[in-house]
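These notes concern the structure reproduced below.
The values are calculated or read from the model by the stated rules, or taken from the named source; none is laboratory data. In this text, all values refer to a predicted model and were calculated from it rather than measured experimentally. Because the Cβ atoms are built from the backbone with ideal geometry, glycine has one as well, and the counts that use them run over all protein chains shown. Note: areas computed on protein heavy atoms with side chains; ligands, DNA, RNA excluded. Shrake-Rupley method; radii C 1.70, N 1.55, O 1.52, S 1.80 Å.
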Amino acid sequence: MSTQGEVRKITTHTLLEMKRRGEPISILTAYDFSMARIIDAAGIDVILVGDSASNVMAGHETTLPITLDQMIYHASSVVRAVKRSLVVVDLPFGSYQGNSKEALNSAIRVMKETGAHAVKLEGGREISEAIQRILSAGVPVMGHLGLTPQSIYKFGTYVVRAKEEAEANRLREDAAILEELGCFSLVLEKIPANLAKDVSSSLRIPTIGIGAGGGTDGQVLVLHDMLGINKEFNPRFLRRYLNLFDEIKNATEQYINDVKSHNFPNEQEQY
Ligand code: KIV
């Protein structure tokens with residue numbers, strides 16, 4: 001809060017200052033108004049409207065099917081809920097890799113139609129023209145290296161990336177390129193902790209890890225995973241804070257019983 005009681009909003013500059021101060025940055029995903037309202041009220045620094053919506057909201061096996069229109073729907077729902085957090089939106093697969101003009105048009109649609117504050121793109125030097133063009137329009141860009149799920153069919157599996165020297169060196173170079181281009185932050189997904197720590201200390205911009213150990217400048221998790229809404233996804237890096245699958249299932253079973261046994265509604269629950 002500011003001295004006038006107004007909420008002090010998180011900006012890309014706040015994140016740079018947090019890195020300078022050594023204050024870890026907290027990020028969670030959200031895809032809808034209700035969840036975004038809760039995590040914003042809890043004080044999360046950044047909300048990522050991730051293309052993981054494709055998995056957790058739509059039930060697809062990968063992030064590839066989600067469309068730009070669908071991302072815009074999710075992002076605009078999140079933005080309506082948020083008072084303080086910075087909202088970053090993933091540009092989905094196919095909306096920026098074709099050419100830099102297409103990338104710019106996608107970023108502009110996200111910014112205009114959702115009210116979000118920044119976009120995230122997966123990749124390094126191969127998308128530098130797209131990043132440059134988006135940045136030149138004044139749109140902040142978050143990078144994403146390591147295990148980039150939009151390239152899952154190139155990788156073939158979701159195992160840890162950059163364990164070999166050549167891939168680790170390429171990742172170090174790509175991280176430097178993204179900083180040089182002007183990205184305000186960089187997600188490092190599922191890479192060895194030592195590499196993530198090295199990259200983080202070599203950059204001025206904050207790194208955000210997922211499965212990248214404790215040496216990054218912040219952490220991100222998929223909300224549905226940390227709340228235990230999914231039971232099937234159990235990677236080593238995931239810490240579950242609730243077991244909502246079972247809690248919601250139990251509540252639903254109780255409700256069904258109450259309805260079937262004429263226990264609900266009772267005298268006080270009617271007009
Ligand atoms: O889509 C997403 O949720 C992400 C995070 C896992 C970083 O990109």
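Candidate membrane-span-like segments in the chain, meaning DSSP H helices with Cα atoms spread over at least 18 Å of their own axis and a Kyte-Doolittle mean of 0.5 or above, do not occur, with no membrane implied either way.
Summary of packing: across the peptides 92-105, 253-266, the per-residue average of other C-beta atoms within 10 Å ranks them, highest first, as 92-105, 253-266.
If you plug the beta carbon distance of F155 and E61 into 1/(1 + (r/R0)^6) with R0 = 22 Å, you get a FRET efficiency near 0.95. Taking K and R as +1 and D and E as -1, what net charge do the other residues with C-beta under 13 Å from the C-beta of R204 add up to? Once positives and negatives cancel, what remains is -2.
All other residues whose Cβ lies under 14 angstrom from that of A36 are scored, Lys and Arg at +1 and Asp and Glu at -1, for a net of +1. Net charge dipole, region 3-240: roughly 540 debye, given to the nearest 20, about the Cα centre with Cβ charges of +1 for Lys and Arg and -1 for Asp and Glu.
Note on K101: lysines with a C-alpha under 22 Å away, same-chain residues under 8 apart excluded, are K112, K120. Between K112 and V7, the contour length at 0.36 nm per residue exceeds the alpha carbon distance by 35.5 nm. Put a plus charge on the Cβ of each Lys and Arg, a minus charge on the Cβ of each Asp and Glu, and nothing anywhere else: the dipole of region 1-110 about its Cα centre is then about 440 debye. Distance from the Cα centroid of region 134-173 to that of region 42-57 is 19 Å (rounded to whole angstrom). Just the protein heavy atoms count here, and of the accessible area of region 123-218 at 1.4 Å, carbon and sulfur take up 49 percent. About the centre of its Cα atoms, region 171-271 shows a dipole size close to 340 debye [charges on the beta carbon of Lys, Arg (+1) and Asp, Glu (-1) only; nearest 20 debye]. With no solvent and one equal point scatterer placed on each C-alpha of the chain, evaluate the Debye formula and give log10 I(q)/I(0) for q = 0.09 Å⁻¹, two decimals. Each listed q corresponds, in turn, to -0.43.
Straight-line cross-link partners of K260 among the lysines, defined as a Cα under 30 Å from its Cα and at least 8 positions apart when in the same chain: K231, K249.
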